[in-house]
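Quick note: the coordinates plus some simple rules give every number you see, no bench work behind them. This structure is a prediction, so every number in the text was calculated from the model and none was measured. We place every Cβ from the backbone using ideal geometry, glycine too, and count neighbours over all the protein chains shown.
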Amino acid sequence: MGFILLEQKKIPFHEIHLSINENHFSPYSNGILAFCAAWLNKKDSFEIFTSGSTGEPQKMLWSREIMLWSIRNTAQALGLKEEMHCLHCIDFTKAGGKMMLARALEIGMSLEVVEPASDPMEKIISPHFDFAAMVPLQVQSLFTHGKLDELNKIDTLIIGGAALNNNLQNVLQKINTKVYTTYGMTETASHIALQRINGSGKQIYFAPFKDVELSVNEEGCAVIRTPFHEGIVTHDSIILHENNSIEITGRKDNVINSGGYKISLEKVEAAIDKALTVIKINFFNYCAYKIPDEKLGEALIVIFETLVMAPVELDMLKKEMMDHLEKYEFPKHFYFIDKLQYLSSGKIDKKGSAAKLKIEN
């Protein structure tokens, strides 16, 4: 698939112009057109699936009202306006992709759509975009291939679907684009909080939308209240700061029990992140996970998406990690594979990646 241009010059919904540089519509473009038709016909609910990061994807329905609520909040937070031009390069079947379409149609923004790819800028035709959304893997791919400057064609970029590590945040300081990370879930119709991570408006923590209330339960996890939710109990461990801003510290269910010790996989990954930054090794995708162990029950491991790491680099990495971890939190094994497994949302599939070790190691 090449591209689709959606242009809507007036509100409400007076004109949509489609242009496509191929001889037929693909199933992906047909799906986009079907969604646009449903939205313009003011369909009152839309089917969506959860990301599947904590189990099998679950089907749910979004009401039109909650989608409009999300659109209004995002437009106000980011200054989105009629006749702005947007890039759509993420999977429209997922929460973020559906909301990008709905935002453009509701606000009256023109939209260039390219099929999701690791290089989201490869097939674009427009020289400039006011707004775009990407997943971390796409941003990392641009950096890895020396094309990070391509992001300067975008005024405002939101990155969601998975957390950004420090290495990627550091390289994004070099571009002029206003970059935000997002926090939210499928139940809340995309994000309910944004954090500017570069430039003069850089924020330390996530800033929730004004009509979103967050609290912390006895387990230290976020409870989210919106005009549409009396209280979503999450698995996200957070710290509440002034002005209702939030710091996300990990997930309650991202913990393993190794030899009687509970180990936070996020803490281990944060230690790797800090170590890679200190020793200035090029960014790799990686994850901390577990494998069965007769003595410990579960042994902590780290899997890197690379087949090349010099022994001296690995020694330096381990040494730096020791400064941030207790002895029992230090990984028992380090593995290197050509390709990690990923969920459709772009998040690393840790279980699937660990299963590959039986084949590749």
For the chain, the longest principal axis of the Cα atoms and the Cα long axis of helix 64-78 enclose an angle in degrees, to the nearest 10, of 80
Percent antiparallel among DSSP beta bridges confined to the stretch 119-253, nearest 5, equals 70
Those trypsin sites (Lys or Arg not before Pro) from the stretch 66-164 that are DSSP loop and have at most 16 other Cβ neighbours within 10 Å turn out to be 81, 123, 147
Partner lysines whose C-alpha sits under 25 Å from that of residue 43, ignoring same-chain residues fewer than 8 away, are 9, 10, 59, 81, 94, 98
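Counting only Cα atoms, I'd like the Rg/Rh figure for the stretch 168-264, Kirkwood definition for Rh. Numbers along the way, then the final one.
Details: Rg = 15.3 Å, Rh = 14.8 Å.
In the stretch 168-264, Rg relative to Rh is 1.03.
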Computed from every Cα-Cα pair in the stretch 304-361, P(r) in 5 Å bins starting at 0 and rounded to whole percents is 4, 16, 22, 19, 22, 15, 3
Mean projected area, convex hull of alpha-carbon positions in the chain, reported to one decimal in nm², is 19.2
Here the relative contact order (percent) of the stretch 229-361, from C-alpha pairs under 8 Å and at least 6 apart, is 19
Straight-line reach check, residue 280, cutoff 18 Å on alpha carbons, 8 or more apart in-chain or any other chain, hits among aspartates and glutamates -> 269, 305, 313, 315, 320, 323
Between the alpha carbon centres of the stretch 72-143 and the stretch 236-254 the gap in Å comes to 27
What helix-only [θ] at 222 nm does the chain give? Using -39500 (n - 2.57) per DSSP H run of at least 4, over all residues, to the nearest 500, the answer is -8000 deg cm²/dmol
Relative to the compact-globule estimate 2.2 N^0.38 Å (N residues), the Cα gyration radius of the stretch 200-356 stands at a ratio of 1.19
If one builds a Gaussian network model of the chain from Cα atoms under 10 Å apart, the most fluctuating residue listed among 270, 193, 104 is 270
When all Cα-Cα pair distances of the stretch 110-203 are considered, the percent exceeding 15 Å is 59
In terms of the charge dipole of the chain, which places +1 on Lys and Arg and -1 on Asp and Glu at the beta carbon, the residue among 68, 292, 277 farthest towards the positive end is 277
Number of Lys pairs in the stretch 306-361 closer than 21 Å at Cα, excluding neighbours under 8 places apart unless interchain, is 16
Taking 323-329, 132-138, 116-122 and ranking on average Cβ neighbours within 10 Å, highest first, one gets 132-138, 116-122, 323-329
Quick P(r) readout (the stretch 237-305; Cα-Cα; 10 Å bins; whole %) gives 18, 39, 31, 11, 1
